[in-house]
Amino acid sequence: MENAICGRLALSPNHVFNSKSRDKHSLLKGPCTNRSFLMAISASGPGKGGLLERPVIEKVTPGRESEFDLRKSRKIAPPYRVILHNDNYNKREYVVQVLMKVIPGMTLDNAVNIMQEAHYNGLSVVIICAQADAEDHCMQLRGNGLLSSIEPASGGC
């Protein structure tokens, strides 16, 4: 039974093999009597079978290419305008409240200016942002009873 256990490198529970020091004779300690398998490991030498070397993990830092790729992917998605249209149904105060609720970072002054421009000119640009955000803002404005649309922003932000 001891030979079968040693053939599988099952050592006694009190034995500790120190792989850092590569002490090939430390495998020979213990109750094992079949040493031919252990000799084959020790004869192969370090790095040529038997004990495996610890893999070297290289840390990769992003270079100029990856930064360029990030900038390129941001430029692929063109910005969109969210447009508020004038209507004859909603009160001006309500329009200002909805703009402040729906658009992140919207101040009272900006909301009043957007509402006034839409009232006098028929429409006003609410925000310029990514297409997905523009669609979301447009749907939220519509969900609160305001007329809105989106369009690609020509010439960038």
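The values are calculated or read from the model by the stated rules, or taken from the named source; none is laboratory data. Predicted model only: the values in this text are computed from it and were never measured. Neighbour counts run over all protein chains shown; Cβ positions are idealised from the backbone, glycine included. Remember, those area values only see protein heavy atoms, side chains included, never the ligands or the DNA or RNA. Shrake-Rupley method; radii C 1.70, N 1.55, O 1.52, S 1.80 Å.
Is the shape of region 111-157 best called rounded, prolate or oblate, per the rule: a/c under 1.5 gives rounded, else a/b larger than b/c gives prolate, else oblate, with a ≥ b ≥ c the square roots of the Cα gyration tensor eigenvalues? Oblate is the answer for region 111-157, as a/c is 1.5 or above yet b/c matches or exceeds a/b.
The accessible area of Asp109, taken with all protein chains in place and a 1.4 Å probe, comes to roughly 110 Å². Placing pseudo-labels 7 Å out from each Cα toward the beta carbon at Asp136 and Glu93 gives an inter-label distance of 3.1 nm. Considering only the other residues whose Cβ falls under 12 Å of the Cβ of Val95, what net charge follows from Lys and Arg at +1 and Asp and Glu at -1? For residues surrounding Val95, the net value is 0. Largest accessible area first, the residues Asp136, Asp87 order themselves as Asp136, Asp87 under a 1.4 Å probe with ligands, DNA and RNA left out. Neighbours of Ala118 by Cβ distance under 11 Å: Lys/Arg scored +1, Asp/Glu scored -1, total -1.
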